[in-house]
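Below you will find the structure I want to go over with you.
Here, each number is a calculation from the coordinates, and none is a lab measurement. Everything numeric in this text was worked out from a predicted model, so none of it was measured. Methodologically, a virtual Cβ is constructed for each residue, glycine included, from the backbone with ideal geometry; neighbour enumeration extends over all protein chains shown.
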């Protein structure tokens, strides 16, 4: 069901203050809210005023795209093919080389990169002078050797998350990345960190627009087994590395780590402990990794982030919610909405903002890149329903960082810390108990 815009209810005097502008911008479809602008609006509302809505900057010029980066992709499984498909959509990401140990993988990848050189050994790809940047999308337990060699080759490196399945491998990768020259980029696959939508929401959390943080939760629900088949027993075993406890950090590591990292990023602090529970509740096929998990990440002051994931049911899909004393923020399908409490301070631009219905609640759409959207002559309310996957923004930023030498938001330090949290969360799930984080685990 697609939510429809609704007209918010306000005290008559507040609505009259907005006058004809309110009617005009309601007809327009609403404008996005920016966190700093919200603060100004709240102050104006407290003084009995209503600010006019933001306007497009007539002098705004969109930043030109980064120079093309010739890319080699190592690992052509499901994630590798998604990456290839996304790179194929970018104007400055020519794929010049591919690598996989399985010959049939090249046939499926040929459509996205028909002119790319094909290598069965990653060392051959790294020796290819045409390759400037490398995207590593192999199974997690194979990252260490390839990532170290890629960094040593002098190429820019994008390493999928989690960066490793053990603390030892993660630390060695982090040490190598920390020692890289300033302009050699190492970016991890924590896509949310490079996503403008999540940076936009972060402003609302950090500036106190949602009030005092009380708790947060995330979930990922799918009806799928994760098991893959092959007529070749050896190939089938390698395909199902995620189901083996020696090679996988499970649902919480391969999927849930993004939600756990989002929580510690938004709360601006490291967790102090993690509680984990889980088991094989649906797919009784001999797997060693739980198909249903629940994790509670503890922070100072009693703040907690609860995360659950299951392969048994798809109801409610994937989302994260951050609860504050004044408002809650829902993030879903790379979109976000703010749900105000009835006793929360009035936002001066509420009357202009797009609102979507969620059962009995009405959420204010939080739209990133407001200036760009308005400058292009688009309606922000329409833009709110037209989003790109986080992977697109992550790969775009990788190319941009390689071009201008800027530091990735998803750098080695963030990637390493996220891996430590995920690895220990998986241990908590397997043990069915609580683990207190040792600060020494995060040292590089």
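Under the Kirkwood approximation for Rh and a Cα-based Rg, what ratio Rg/Rh is obtained for the stretch 196-389? Let's see the in-between values first.
On the way: Rg = 19.6 Å, Rh = 18.7 Å.
In the stretch 196-389, Rg relative to Rh is 1.05.
Of the listed peptides 243-255, 282-294, what is their order by residue-averaged count of other C-beta atoms within 10 Å, with the highest listed first? Don't jump to the answer; show the numbers that get you there.
On the way: 243-255: 21.8, 282-294: 18.2.
Descending mean neighbour count gives 243-255, 282-294.
Quick one: go through the stretch 309-330 and flag any residue whose amide nitrogen is under 19 Å from the point 7 Å out along the Cα-to-Cβ line of residue 212.
The answer is 322-329, whose backbone nitrogens lie closer than 19 Å to the label point.
Describe numerically, in nm with one decimal, the distance between label points set 7 Å from Cα along Cα→Cβ at residue 230 and at residue 145.
1.6
Quote the FRET efficiency, to the nearest 0.05, computed for residue 404 versus residue 102 with a Förster distance R0 of 35 Å and r equal to the Cβ-Cβ distance.
In this case the efficiency is close to 0.45.
Let me ask you something else. Between the stretch 74-141 and the stretch 295-322, how many Å separate their Cα centres?
So the separation of the two Cα centres works out to 33 Å.
Could I have the simple spin-label model distance between residue 199 and residue 82, label points 7 Å from Cα toward Cβ, reported in nm to one decimal?
2.2
Given a cut-off of under 8 Å on Cα pairs at least six residues apart, what relative contact order in percent is computed for the stretch 196-389? Each step should come with its number before you reach the end.
Working: 342 pairs, mean separation 48.1, N = 194.
Normalised by residue count, the contact order of the stretch 196-389 is 25 percent.
Please arrange 387, 342, 78 by how many other C-beta atoms lie within 10 Å of their C-beta, fewest to most.
On the way: 387 17, 342 4, 78 11.
Least to most surrounded, the residues fall as 342, 78, 387.
How much FRET efficiency would the formula 1/(1 + (r/R0)^6) give for residue 179 and residue 273, where r is the Cβ-Cβ distance and R0 is 41 Å, rounded to 0.05? Intermediate results must be reported in sequence, preceding the final value.
Values: r = 31 Å, r/R0 = 0.76.
Plugging the Cβ-Cβ distance into 1/(1 + (r/R0)^6) gives 0.85.
May I ask for the distance between the Cα centers of the stretch 388-444 and the stretch 242-287, given as a whole number of Å?
First find each Cα centre; the distance between them is then 13 Å.
Right, something else. Work out the FRET efficiency for residue 115 and residue 300 from their Cβ-Cβ distance, taking R0 = 60 Å, and round it to the nearest 0.05. Before the final figure, lay out each step's value.
On the way: r = 53 Å, r/R0 = 0.88.
Step by step, r from the Cβ atoms, then E = 0.70.
For the stretch 162-276, what's the relative contact order in percent, using C-alpha pairs closer than 8 Å and at least 6 residues apart? Could the numbers behind the result be given before it?
Values: 52 pairs, mean separation 30.8, N = 115.
Value for the stretch 162-276: 27 percent.
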